[in-house]
Amino acid sequence: MVVGNVPEAADFVVIGAGPGGYTAALEAARRGRKVMLIDRAGESGVGGVCLNVGCIPSKALIEAADLYHRAVHARDLGLPVVNGPFDLDRFHAFRKRVVSGLADGVRGQLRAAKVEIVAGTATLTDMHVLVINTPDNQARFVQFKSLVIATGSLPVELPNLPFSAHVLDSTAFLEQDALPEKLTVVGGGYIGLELGTAAAKLGASVTIVEAETALLPTMPDVLGGPLHRRLSALGVEVQLSAQVIDFDGVTVTVRKANGEHTQHLADRVLSAVGRRPNTPDLGLEMVLGNRPEGLLAVNPDRLVTRDIAAIGDVTPGPALAHKATAEAAVAVQALCGEQVAFEPAAIPAIIFSDPEIGSAGLSHAAASEIGMQAQRTRLPLGVSGRAATLGAREGFAEIVWDRDSGAVVGVHIAAPHASELIAEAVLAIEMGVTVEDLSLIVHPHPTLSELLTETAAQAHMQGETT
Ligand code: NAD
């Protein structure tokens, strides 16, 4: 504690008002705790990156871009041809309405729960005290009983490609006032694929440069095929094992893994090479004895100390909003003295690419590595009548299952609405459902959901005959 500053007493403090932080604040308030929620941006930070400048506005753009692209190419379906330009100003108005409507909803919930929202940057000064540096340069000292750190992450900036008016992170990309004509995307991960595909559908000439040997290098490799074929149909050039080493505002210079250099033109670069935990200002050295370099190690109950928990992108595991939200409940319970653990059998990963990707549980390789008699069964999207009516051809569903028990241990889908379809797979994995169980569940026809049950039936038959 700093001498001369008598801290005010607080019960339950949360730092960061993103999906993890606001969920923790609401859950703590529901349990009768008096909650203070601190965010750099105060009220306007409610919803965090995900709601304000990430998941939500990007999905609005992806949807609009897909609709535009389909409308331009819908002659075969009997629609009049759309040949006007995409109206970016109207889209921005729509995006802002969507975001503010949702953020207002969360602010309303926080108000109803009597959560105090404080604007400022919070830094720990000892195990139970933090200082909030407010936007009007005041230092407000707070002594807390319980604390949740939910400060999220920031985009990684490449040293040779600093962010600028022409080198954008995803936030700046979503707020551009003109569409790029020639876009280079650095990083073939979540953001690169989602926004690169959207830009291509809006008419940009897109090049994706990925350092690893495959797109989505952290996901099961089977998912790459449909993505490559569809990107190629959209005219997107994919350069693998390649890194951008320079961009002078006009020319992008790429170095391939074999040392070869190539150049191409671009008017904008989207840099999407990952995110880093937002921990530097937190004063964690006061609590941990040393300043963590990267992610904050947490116990299964998300506690860092008896009275401090951490959740979301600052902790190990996928940097996904739904992980942070699920961890929030566990952290609050732990801080309220309950024995809990965050141990999901599967955290789904979804990518709003074309086709969409939904992946949960183990890949075939990972299941085999842990000694399981892993089987994989895959059906192409072509077997789905519903997919045909949507004009969708690229994709599949794959189930990874344990030969001994028949249990479903992984599901990987590339298909329209895979982001929705994967939820059933998560339920199956969590509940220990077998491929036979899944094959017997009656699914509505004609829907894309049948793809999963038909794949399960195929897997069950395979199990019977081998
Ligand atoms: P990412 O980790 O998904 O992908 C980054 C990619 O950049 C990787 O494929 C990596 O190999 C590549 N890369 C790294 N350095 C490079 C270099 N110098 N040159 C070329 N390629 C390089 O990261 P992201 O796309 O920036 O997204 C950040 C995080 O945000 C994701 O990990 C995810 O957790 C989250 N996110 C989730 C969603 C979703 O759930 N749909 C959408 C967007 C973002």
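Relative contact order for the stretch 349-464: what is it in percent, counting Cα pairs under 8 Å that are at least 6 residues apart?
Contact order relative to length: 29 percent.
Return the carbon/sulfur percentage of the accessible area of the chain, one whole number, probe 1.4 Å, all protein chains in place.
Answer for the chain is 53 percent, counting heavy atoms of protein chains only.
Rounded to the nearest 5, what % of DSSP beta bridges with both residues in the chain are antiparallel?
In the chain, approximately 60 percent of DSSP beta bridges are antiparallel ones.
From the backbone phi of the stretch 47-53, what are the Karplus-calculated ³J(HN,Hα) couplings (6.51 cos²θ - 1.76 cosθ + 1.60, θ = phi - 60°) in whole Hz, Gly and Pro given as x?
x, x, 4, 4, 6, 7, 9
With n ≥ 4 as the cut-off for DSSP H runs, can you work out [θ] at 222 nm for the chain, using -39500 (n - 2.57) per run divided by the number of residues, rounded to the nearest 500?
Helix contribution divided over all residues of the chain: -10000 deg cm²/dmol.
Sorted by mean Cβ packing within 10 Å, highest first, what order do the peptides 299-305, 14-20, 145-151 take?
Descending mean neighbour count gives 14-20, 145-151, 299-305.
Would you work out if the stretch 349-464 is rounded, prolate or oblate? Take a ≥ b ≥ c from the square roots of the eigenvalues of the alpha-carbon gyration tensor; rounded if a/c is under 1.5, else prolate when a/b is larger than b/c, oblate otherwise.
Verdict is prolate for the stretch 349-464.
Among all cysteines in the chain, which have no other cysteine Cβ under 4.7 Å from their own Cβ?
If one checks each Cβ against the other cysteines of the chain, CYS336 turn up with nothing under 4.7 Å.
Could you state the accessible area per residue of the chain in Å², with a 1.4 Å probe and every protein chain left in place?
On the way: 21350 Å² over 466 residues.
That works out to 46 Å² per residue.
Could you order MET431, MET372, MET36, MET461 so the one with the most accessible surface comes first? Probe is 1.4 Å.
MET431, MET461, MET372, MET36
How large is ³J(HN,Hα) for each residue in the stretch 327-338, as worked out from phi by the Karplus curve 6.51 cos²θ - 1.76 cosθ + 1.60 (θ = phi - 60°), to whole Hz, x for Gly and Pro?
The phi angles translate into 5, 4, 4, 5, 4, 5, 4, 4, 6, 9, x, 8 Hz.
Identify all lysines with a Cα-Cα distance to LYS145 below 16 Å; exclude those on the same chain that are fewer than 8 residues away in sequence.
LYS34
Amide H to amide H, which residues 5 or more places from ALA10 or on other chains are under 5 Å from it, using H placed in the peptide plane?
Sorted by chain and number, the residues that satisfy this are GLN143, PHE144, LYS145.
What shape does the stretch 167-273 take by its C-alpha gyration tensor, where a ≥ b ≥ c are the square roots of the eigenvalues and a/c under 1.5 counts as rounded, a/b above b/c as prolate, and the rest as oblate?
Here the stretch 167-273 falls in the oblate category.
How much accessible surface does ASP169 have with a 1.4 Å probe, in Å² rounded to 10?
Surface accessible to solvent at ASP169 totals approximately 30 Å².
Could you list which residues have their amide H under 5 Å from that of GLY283, counting only those 5 or more apart in sequence or on another chain, with H placed in the peptide plane?
Correct list: LEU124.
What are the ³J(HN,Hα) values, in whole Hz, obtained from phi via the Karplus relation 6.51 cos²θ - 1.76 cosθ + 1.60 with θ = phi - 60°, for each residue of the stretch 403-408 in sequence order, with x given for Gly and Pro?
Residue by residue, the stretch 403-408 yields 4, 5, 9, x, 5, 6 Hz.
Express in Å², to the nearest 10, the accessible area of SER353 obtained by rolling a 1.4 Å probe over the protein heavy atoms while all chains stay in place.
The accessible area of SER353 comes to roughly 10 Å².
Residue separation times 0.36 nm, minus the C-alpha to C-alpha distance between LYS59 and SER405: what's the value?
120.7 nm
Please compute the length gained on full extension between GLU293 and THR251, using 0.36 nm multiplied by the number of residues separating them and subtracting their Cα-Cα distance.
Result: 11.7 nm gained on full extension.
Given axes a ≥ b ≥ c from the Cα gyration tensor, I'd like to know whether the chain is rounded (a/c under 1.5), prolate (a/b larger than b/c) or oblate.
Because a/c hits 1.5 or more and a/b fails to exceed b/c, the chain counts as oblate.
Given contacts defined as C-alpha pairs under 8 Å and at least six residues apart, what's the relative contact order of the chain, whole-number percent?
Relative contact order comes out at 14 percent.
Where does helix 418-430 land angle-wise versus the long Cα axis of the chain, in degrees 0 to 90, nearest 10?
70 degrees
Can you give the charge dipole size of the stretch 349-464 about its Cα centre, rounded to the nearest 20 debye, using +1 on the beta carbon of Lys and Arg and -1 on the beta carbon of Asp and Glu?
In debye, rounded to 20, the stretch 349-464 gives about 240.
Using modelled amide H (1.01 Å from N, peptide plane; none on Pro or chain starts), what sits under 5 Å from the amide H of VAL433, excluding residues fewer than 5 places away?
VAL408
Treating the angle as unsigned and between 0 and 90°, give the value, to the nearest 10°, between the Cα long axis of helix 55-72 and the longest Cα principal axis of the chain.
Here the helix axis deviates by roughly 20 degrees.
Within straight cross-link reach of LYS201, meaning Cα distance under 19 Å, which lysines are found once same-chain residues fewer than 8 apart are removed?
Of all the lysines, those that pass the test against LYS201 - Cα under 19 Å, at least 8 places apart if same chain - are LYS59, LYS182.
The values are calculated or read from the model by the stated rules, or taken from the named source; none is laboratory data. The shown structure was predicted, so the numbers you read here are calculated from the model rather than taken from an experiment. Glycine also receives a Cβ, built like all others from the backbone with ideal geometry; neighbour counts cover every protein chain displayed. Accessible surface is based on the protein model in full, side chains and every heavy atom, while ligands, DNA and RNA are left aside. Shrake-Rupley method; radii C 1.70, N 1.55, O 1.52, S 1.80 Å.
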